[in-house]
Amino acid sequence: MFTPSSHDVRRFFCEAFRKQRAGEVLTPMDAIAADWIAMHPEYADVLADADGAIARDYSVEGGQPNPFLHLSMHLSIAEQVSIDQPPGIRAAHNALVQRLGEHDAHHQIMECLGEMIWTSQRNGTPPDTATYVDCVRRR
């Protein structure tokens, strides 16, 4: 199993942004990332400076949102929906998209995903995917 470091993740997004701006060929994952990056123009300056992005601290104490965490959650949700894993996430996502649009639906799903991860870590238990999908359905 591949477990990228935070630096690997930051490099990936910065490189996808660079390739997209340069008109270079994108891998399928690059293309998905570039689509989400395009929906977040507020991250352009951060993504344009890979070295600065790697060096920057996005701790909770710093009070600044982490664009790489945000974009990673978009990618995670896109992957979950594409394979319907956990089961039911695709239908729950699609219902939200019809009501809110793709981007806003993702942001609602992020709230549920973050809650599931936080609860799992706090309790030292596996992620409760059924509760996660139910949370998305209730949105």
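The values are calculated or read from the model by the stated rules, or taken from the named source; none is laboratory data. Computed from a predicted structure; not experimentally measured. Ideal geometry is used to build each Cβ from the backbone, glycine not excepted, and the neighbour counts take in all protein chains shown. Note: accessible area is taken over every heavy atom of the protein model, side chains too, but ligands, DNA and RNA are not part of it. Shrake-Rupley method; radii C 1.70, N 1.55, O 1.52, S 1.80 Å.
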Item to check | Answer from Ala33, Ala53 - the residue that is of a type outside the set (Phe, Trp, Tyr), assigned to a helix (DSSP H, G or I), at pLDDT 95 or above and open to solvent by less than 70 Å² (accessible area, probe 1.4 Å) | outcome: Ala33
Checklist entry - If the Cβ limit is 7 Å and pairs must be 6+ apart or interchain, which residue in the range 69-84 that is free of Cβ contacts under 8 Å to residues at least 24 places away in the same chain pairs with which residue that is outside any loop (DSSP other than H, G, I, E, B) and surrounded by 16 or more Cβ atoms within 10 Å (Cβ to Cβ)? => result Gln80/Ile89; Val81/Ile89; Val81/Arg90; Val81/His93; Asp84/Arg90
Next on the checklist: Among the numbered criteria (1) crowded, with 17+ Cβ neighbours inside 10 Å; (2) over 17 Å from Met29 (Cβ atoms); (3) touching a helix residue (DSSP H, G or I) at 6+ places or on another chain (Cβ under 7 Å), which one does Ile77 miss?
Outcome noted: (2)
Item to check | All positions within the range 106-134 that are without any contact (Cβ under 8 Å) to a residue 24 or more places away in the chain, out of contact with any Phe, Trp or Tyr (no Cβ under 6 Å at 6 or more places or on another chain) and either outside any loop (DSSP other than H, G, I, E, B) or surrounded by 15 or more Cβ atoms within 10 Å (Cβ to Cβ) (or both) | outcome: His107, Glu115, Ile117, Trp118, Thr119, Ser120, Gln121, Arg122, Asn123, Asp128, Thr131, Asp134
